[in-house]
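This report refers to the structure that appears directly beneath it.
The values are calculated or read from the model by the stated rules, or taken from the named source; none is laboratory data. These figures come from a predicted structure and were not determined experimentally. Quick note on the areas: whole protein, heavy atoms, side chains included, nothing else; ligands and nucleic acids left out. Shrake-Rupley method; radii C 1.70, N 1.55, O 1.52, S 1.80 Å.
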Amino acid sequence: MNKKAFIIIITAMTVFSTQAQNTWEVPNSEKNKEVPTENVAVKEKKSTNTEDAQYLTGAVPEKDGKVVFTFEKKVEGADAATLYDKTYEWMEKLTKAENQLNSRIALVNKAEQKIVATFSEWLEFSRSIISVDRTRLDYVMVAECVDNLVTIEISRIKFHYDEERPTRMDVSAEEWISDSKALNKDGSKIIRGRKKFRKKTIERMNEIGNSLIMGVKAD
């Protein structure tokens, strides 16, 4: 093999080697750049969509344009009169529980087994050694008893915040924590400033619902 032929062969091998190397490196390089970015985006999207999910659309129920929380307790084998007595006892205890301010059973109808109570209580957002962030929460609870079933509805919810300050705020649930007022356009986030009111109200209502289940039982 002469010198010229040897140089041609070496050059061809070098070009082929470079092309082969580039052919494999470019796709791998692009893949390494793109995949992590895509995964991060997916994770961020999931994180945003699941934030406070239990407090988003539908968590504050409405009835005829009003915020109304409804809870039921089934008690098999109990007639309406028996359930009325048990519910009255449970509601009376609730009016005297911790953080109650001026709560009482306001009206009763034994013939229809209905009870109406008005509540005024502290709803606490946070507490530290030097301060407490809370609002006065007012609402009306109506209980109706039929055979085997107790139903309560909580409505006319109002907040009285910073009552002794110039920043005092008196607003209804419809104005402040309803889906249309407290959530952003796509319902994925709670508007800043209303978040603590919406979350704590939902938690308090669910607490009452659980109390009904535990407090009204068969003999």
Too-long pairs where the Cα-Cα distance tops 30 Å, listed order kept, from 96/195; 114/189; 63/199: 114/189
I'd like the accessible area for residue 64: 1.4 Å probe, protein heavy atoms, all chains in place, Å² to the nearest 10. 150 Å²
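Rank these residues by their accessible area, most exposed first, probe 1.4 Å: 214, 91, 169.
Working: 214 125, 91 0, 169 35 Å².
From most accessible down to least: 214, 169, 91.
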Run the numbers for residue 195 and residue 107: contour at 0.36 nm per residue of separation, minus the present Cα-Cα distance, in nm. 28.3 nm
Just to be sure I understand the curve: with the Debye formula and one point per C-alpha of the stretch 144-184, what is log10 I(q)/I(0) at q = 0.19, 0.22, 0.24, 0.29 Å⁻¹? -0.69, -0.77, -0.83, -0.95
Volume in Å³ per residue [convex hull over Cα atoms, computed for the stretch 71-219]: 134 Å³
Filter on 73/217; 86/217; 66/86; 158/185 - keep pairs with C-alpha separation over 19 Å: 66/86; 158/185
So how do 67, 116 rank on accessible area, 1.4 Å probe, biggest first, that is with the largest at the start? 116, 67
